[in-house]
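Notes for the one structure printed next.
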Amino acid sequence: MTAPASRDTDLARPTPRPGVLAIEAYVPGKSGAPGARKVHKLSSNETPLGPSPAAVAAMRETAGGLALYPDGSSTRLRAAIARKFGLDPDRIVCGAGSDELLSLLAYAYVGPGDEGIFAEHGFLVYRIAILAAGGTPVVAPERDLTTDVDAILAAVTPATRIVYIANPNNPTGTYLPFSEVRRLHAGLPANVLLVLDGAYAEYVRANDYSAGLDLVLGSENVVMTRTFSKIYGLAALRIGWMVGPAHVVDAVNRIRGPFNLSASGIAAGAAAIADEAHVAAAVAHNAAWLPRLMEAVSGLGLRVTPSVGNFLLVHFPEEPGRGAAEADAFLTQRGVITRRVAAYGLPNALRVTVGSAEANEAFLAALSEFQRGPAHG
């Protein structure tokens, strides 16, 4: 029997619950430049030094065991992280990138009627995680492209359950001094979970910065997430970790997939975090090139947001043919791939990763050519 024509079509097929269709799918930075003779990918904040040779060797050693399930608790990796930071491994959870852990925290603590707060130009995954959990995302305005503690505290309501801050922040490259992080925590209700996303923490050289480990260990409502995708050069393996109070770790482990990390990821991660010389080399490379790039781009007449990460945010004028879209297209034609950040509310800016010496020089040469040339329509 045919259903009446007036029947609500939503009843004729499975319908996602409220909030799911409000999610704008995360779109990674592009990785190709058709027609370019050589491509320099500066769109994903990957390390130009690549992975630790020790991590590659450790991964290869797992090849013979591909038929076996990995350790569901990532014991070896949690132990390596614990040794590195002087932690109790039982307070650590590993995930398929810190993205998975950011989402699991929302699933554990946010539901319909609840709110989650993040900064205006914060990582797009925060909004996605809150909506996917059934909650309502609340955006706190920034000040000078920097997380504003007072704006976050003003946004807190009885419905607030979680607050995400990336420190340093992606894509702006700005950071909060640890005194401000402490002030934020002190102003939050005890039942609100503060998530400190330290994906770029290893790059920061500022004396007033801390990733927040002491705050985590001394609090019942603070967790810190970290990643192996950036300075450790293991983005392809999707490895992240978090440390938090025992009760938060217990909640996350109850909803975490039992085999969420591969055996290769566990082995490579454990080897990478122990290779301090490789990390030191990456820090030194970034410390040498980041200020040089910021100065050179500023010298071309463009505004650059001061960055403490392994990338810089370059702002373009709102002039026909001179904006970020035109610059991005021009650079792509010359094999230099940057990241449009319009989805972050920054339509006239490009985020550019600190790459290899060759890639950095190619970027500066192409950008200089763009700045010298006529309007590019």
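The values are calculated or read from the model by the stated rules, or taken from the named source; none is laboratory data. Everything quoted here is computed from the prediction, not taken from an experiment. Glycine gets a Cβ as well: all are built from the backbone with ideal geometry, and neighbour counts include every protein chain shown. Heads up: the accessible areas ignore ligands, DNA and RNA and are worked out on the full protein's heavy atoms, side chains in. Shrake-Rupley method; radii C 1.70, N 1.55, O 1.52, S 1.80 Å.
Summary of computed values
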| read-out | value |
| --- | --- |
| Cα Rg over Rh - the range 153-244, Kirkwood | 0.98 |
| For the range 249-297, alpha-carbon Rg over 2.2 N^0.38 Å | 1.85 |
| If the convex hull is drawn through the Cα atoms of the range 178-222, its volume per residue in Å³ | 66 Å³ |
| Unit Cα scatterers, Debye sum, the range 198-273: log10 I(q)/I(0) for q = 0.19, 0.21, 0.25, 0.26 Å⁻¹ | -0.94, -1.07, -1.20, -1.21 |
| Options ALA236, VAL222, LEU145, ranked by Cα towards positive dipole end of the chain, top entry (Cβ charges) | ALA236 |
| Square roots of five times the Cα gyration tensor eigenvalues for the range 42-199, Å | 32, 19, 16 |
| Stokes-Einstein D for the chain, Kirkwood Rh over Cα pairs, 37 °C, 0.692 mPa s (µm²/s) | 149 µm²/s |
| With 10 Å bins from 0: P(r) over the range 293-368, alpha-carbon pairs, percent | 19, 61, 20, 0 |
| Nearest-20 debye value, the chain charge dipole, Cβ charges on Lys, Arg, Asp, Glu | 760 debye |
| Share of carbon and sulfur in the accessible heavy-atom surface of the chain [1.4 Å probe, %] | 55 percent |
| Cα centre as origin, Lys/Arg/Asp/Glu Cβ charges: the range 68-131 dipole, Debye | 360 debye |
| Solvent exposure of the chain as accessible area per residue, Å², 1.4 Å probe | 44 Å² |
| Value of Rg/Rh across the range 210-350 [Cα atoms, Kirkwood radius] | 1.06 |
